[in-house]
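Peer 1: Let me begin by handing over the structure; questions about it come next.
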Amino acid sequence: MPRILFWLVLIFVVQWLWKRARRDDARRAAGPHPSNSPASERARGAGPSARSSAPASAQLPDPLVRCAQCGVHAPFSDALVVDGHSFCSRDHAQRFAKRPTGRTAR
């Protein structure tokens, strides 16, 4: 039992050291930047969660909307919006407009 415990602790220590070395290499490769150094973050009281994970200029993906006629999801930039309904094509918008409503569908 003591051998197993020794090997488990050894594996965890080696893994921790390896991850720490990779993190340090990544910081060195990014270059010196005084405002992002760990010491300046500790001085400000900011932790890793205070840093933004995405650059300020990154754009969000185009949201998908559901076609009212066929149910296919299409990007909002490609969809047609008619009377508050989204459509994947002009043909589907015309078919939706021609279909009978609840009062005349008998």
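Peer 1: Could you list, in sequence order, the residues of the stretch 49-76 that are at pLDDT 90 or above and loosely packed, with under 10 Cβ neighbours inside 10 Å?
Peer 2: Answer for the stretch 49-76, where residues must be at pLDDT 90 or above and loosely packed, with under 10 Cβ neighbours inside 10 Å: just 71.
Peer 1: Consider residue 46 carefully, then state whether it is modelled with pLDDT under 90 and either surrounded by 10 or more Cβ atoms within 10 Å (Cβ to Cβ) or in a strand (DSSP E or B) (or both). Full working, then the answer.
Peer 2: Working: modelled with pLDDT under 90: yes; either surrounded by 10 or more Cβ atoms within 10 Å (Cβ to Cβ) or in a strand (DSSP E or B) (or both): yes.
Judged against the criteria, residue 46 is a match.
Peer 1: For residue 28, work out the one condition from (1) exposed (fewer than 10 other Cβ atoms within 10 Å of the Cβ); (2) at pLDDT below 80; (3) not acidic (Asp, Glu) it doesn't fulfil.
Peer 2: Every condition holds for residue 28 apart from (2).
The values are calculated or read from the model by the stated rules, or taken from the named source; none is laboratory data. Everything numeric here is computed off the predicted structure, so don't read it as measured data. Virtual Cβ from ideal backbone geometry, glycine too; neighbours counted across all protein chains shown.
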